[in-house]
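To start, the structure under review is shown below, and the notes come after it.
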Amino acid sequence: MALIGAASATGFAARESSGTPAARSAFDQGEAAARAGKLDEAVAAFRKAIAADPGFVDAHQRLIEITERQQLQDAQSTSLLRLKRQYEQWAREHPTRAVYQMALGLLSKDPDQAEAHYSKALALDASSARAHYLLARSADARGDWDAQRKHLKAAVENNPDEPRYLLRYAVAHLKSDPDRFRTLALQVVARFPTSPSAAEALYNVADASSDVERRGYLDRLRASYPVDHFTYSASAMNMLYADLTEPSDALTLARDMARALPTAAFWRPRVTAQEAMTRAKTLIGGGQFDEALALLEETPPPSGNHGTTWTLLKAEAAAGAGNRERAYKTLVESAAASPDARVDAALAKYAANLGKTSYDVDADVWSMRDARATPAAAFTLPSLRDGAPVQLADFRGRVVLLAFWYPT
């Protein structure tokens, strides 16, 4: 910490910086150490980056974040408290440096205090893009969307070469102005095509698009942003996988991801499931219905869209083997558990073959649901509104939605 203090007193300009070459080199070393879990080395590297360039805001932020991670690993550590005191000292010694106010805001656990520090930073440097960015984050937390967009716009204007600011400005329009969101997000991709922000922008555009449009954006991510280098591209492949309904397509993707992301344990079971469904579809096409049915029954059903495909293949195999009642029951069980348009269409077809009406189908589905229904666990918990006790029994006979939130 003394090294940083010495560098901070050398008279660098007060404006925030994106890092000198020496500072960027040390910063990159810190990021590599952080990814490897070597937190002490990361802290040392970020300190070195700050010593090389005291106005390097990202280095200050990462120093704080990694110190917070150390604190989580050792609750008895005083490193975070000592870091806060050091920043308070620097702020006193260099009262015109906005970067120290931003750091104190990041270290503050109280939202109002944090915002006060960010506002002071902006007062010290009216052109500080990062101060606007942090104030936008505070506005977002309190639900002030107009203030959020105002500060993000100012961040972009004051630092147009930072893709993260433009991306956050785009996302801030997602609900209020979807067309503006899309335009701004695609600007991120066009202006910063090799940045992680570009991959994140494409992911967000894909997530907000219709099925047909989404596929194009996801394919673009798959082709241009390697999943082992871009986190949002890796996440996008989960979205793409969920959208695929043809087992052979899903199998190709799952195999590619299992090779590219060997530590992502969920891709290997997906390969196994899609291999079974691809094989079952081939068997059905060749009239080997009993073999297809046996294969599917020994394969654990996947979840989501692929679970629906598994159900449809199982019903088709059963019907092909001459057991239309079994095919119909398979679909009824699926519809009772989770309604799905593809299952509903298949149900109508198999029901007609059995002489059943739509009323019969509804009756069978609800009978299955009623048979599987069990009473919810009784509870008495304090109300979020006023702390008064609330018990499930008070709502007997009424439809109740239980929303479970993780503890904070």
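The values are calculated or read from the model by the stated rules, or taken from the named source; none is laboratory data. Nothing here was measured: the structure is a model prediction, and the numbers come from that model. Cβ: placed from backbone, ideal geometry, glycine included. Neighbour counts: every protein chain shown. Each accessible area value is taken on the protein alone, full model and side chains, heavy atoms only, with ligands, DNA and RNA left out. Shrake-Rupley method; radii C 1.70, N 1.55, O 1.52, S 1.80 Å.
Helix content alone sets the calculated 222 nm mean residue ellipticity of the chain: runs of n ≥ 4 DSSP H residues at -39500 (n - 2.57) each, divided across all residues, give -22000 deg cm²/dmol. The residues of the chain expose, per residue, 55 Å² of accessible area to a 1.4 Å probe. Sequence-ordered 3J(HN,Hα) estimates for the stretch 48-58 from the Karplus curve with 6.51, -1.76 and 1.60 and θ = phi - 60° stand at 5, 5, 5, 4, 6, 8, x, x, 6, 4, 4 Hz, glycine and proline given as x.
For the stretch 95-223, a simple Cβ point-charge model (Lys and Arg +1, Asp and Glu -1, everything else neutral) yields a dipole of about 160 debye relative to the Cα centre. Reducing the stretch 157-183 and the stretch 26-62 to their Cα centroids gives an inter-centroid distance of 28 Å.
Against the set [x] 32, 27, 19; [y] 35, 28, 17; [z] 53, 27, 21, the structure's computed semi-axes √(5λ) of the Cα gyration tensor in Å falls on [z]. Quick check: Cα centre of the stretch 191-241 to Cα centre of the stretch 289-356, how many Å? If you average the Cα positions of each part, the centres end up 33 Å apart.
Global dimensions of the stretch 114-197 from alpha-carbon coordinates: Rg and Dmax equal 12.6, 36 Å. Taking amide hydrogens as placed 1.01 Å from N in the peptide plane, the amide H of S108 sits under 5 Å from that of no residue at least 5 positions away in sequence or on another chain.
To put it simply, the accessible area of the stretch 139-214 at a 1.4 Å probe is 49 percent carbon and sulfur. Remark on V390: its backbone amide H falls under 5 Å from those of L381, S383, a criterion applied only to residues 5 or more positions apart or on other chains, H modelled at 1.01 Å from N. For F56, the residues whose amide H sits under 5 Å from its own are S17, ignoring neighbours fewer than 5 places away on the same chain, with H placed 1.01 Å from N.
Along the stretch 339-346 the Karplus relation, 6.51 cos²θ - 1.76 cosθ + 1.60 evaluated at θ = phi - 60°, assigns HN-Hα couplings of x, 8, 4, 5, 5, 4, 5, 5 Hz to successive residues, with x for each Gly and Pro.
Within the same chain, lysines fewer than 8 places from K329 are excluded, and of the rest, those with a Cα less than 16 Å from its Cα are K314, K349, K356.
Computed from Cα positions, the angle between helix 178-191 and the longest principal axis of the chain comes to roughly 60 degrees. Each residue of the stretch 290-299 was assigned a 3J(HN,Hα) from its phi angle through the Karplus curve 6.51 cos²θ - 1.76 cosθ + 1.60 (θ = phi - 60°); the sequence is 4, 5, 5, 5, 5, 4, 5, 5, 8, 9 Hz, with glycine and proline shown as x. This model, with +1 at the C-beta of Lys and Arg and -1 at the C-beta of Asp and Glu, gives the chain a dipole about its Cα centre of some 640 debye.
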